[in-house]
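A quick write-up on the structure given underneath.
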């Protein structure tokens, strides 16, 4: 699990919050290349996280999140389609559909490649997209944010 610290900027519906996070060492080593964050200048990012502890605007919070390892992502996005392409080519070569080895090899290669992409998409929507461990969430409030509020004007009584 990775952690970051930030300031709550906005409360969103459904128990979510927008948080301004300074780009720290975690962001520099992130394998997601900012896929969970939006740029907010050169030194900060905006992250949307689950606000299960009811943090308020202006509070400094700690966010915890997990990420899929780089090796696992490369395996899914590169190795599986490549293996499907090769299996399709071998199968098509041996079946020799319509009396043409080249045509059969090309057809089966493309079909298996496309099927692997649909399989990856299905697996993602069935498993990873619903995995709440991968969603960032606020784990604790670090400061009340009261010190960030502007003091009342001296003329007010």
Q.
Among the numbered criteria (1) farther than 21 Å from residue 14 by Cβ; (2) surrounded by fewer than 16 Cβ atoms within 10 Å (Cβ to Cβ); (3) out of contact with any helix residue (DSSP H, G or I) (no Cβ under 6 Å at 6 or more places or on another chain), which one does residue 97 miss?
A. (3)
Q. Counting just the residues of the range 103-118 that are free of Cβ contacts under 8 Å to residues at least 12 places away in the same chain and within 14 Å of residue 85 (Cα to Cα), which one comes out farthest from the chain's Cα centre (by Cα)?
A. 114
(Q) Take residue 135 and tell me if it is surrounded by 13 or more Cβ atoms within 10 Å (Cβ to Cβ), in contact with a strand residue (DSSP E or B) (Cβ under 9 Å, 6 or more places away or on another chain), under 30 Å from residue 12 (Cβ atoms) and modelled with pLDDT under 85. (A) yes
Q) Counting only residues that are outside any strand (DSSP E or B) and more than 16 Å from residue 59 (Cβ to Cβ), which one in the range 1-17 is modelled with the highest pLDDT? A) 14
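The values are calculated or read from the model by the stated rules, or taken from the named source; none is laboratory data. What you are looking at is a predicted structure, and each value in this text was computed from that prediction instead of being measured. We place every Cβ from the backbone using ideal geometry, glycine too, and count neighbours over all the protein chains shown.
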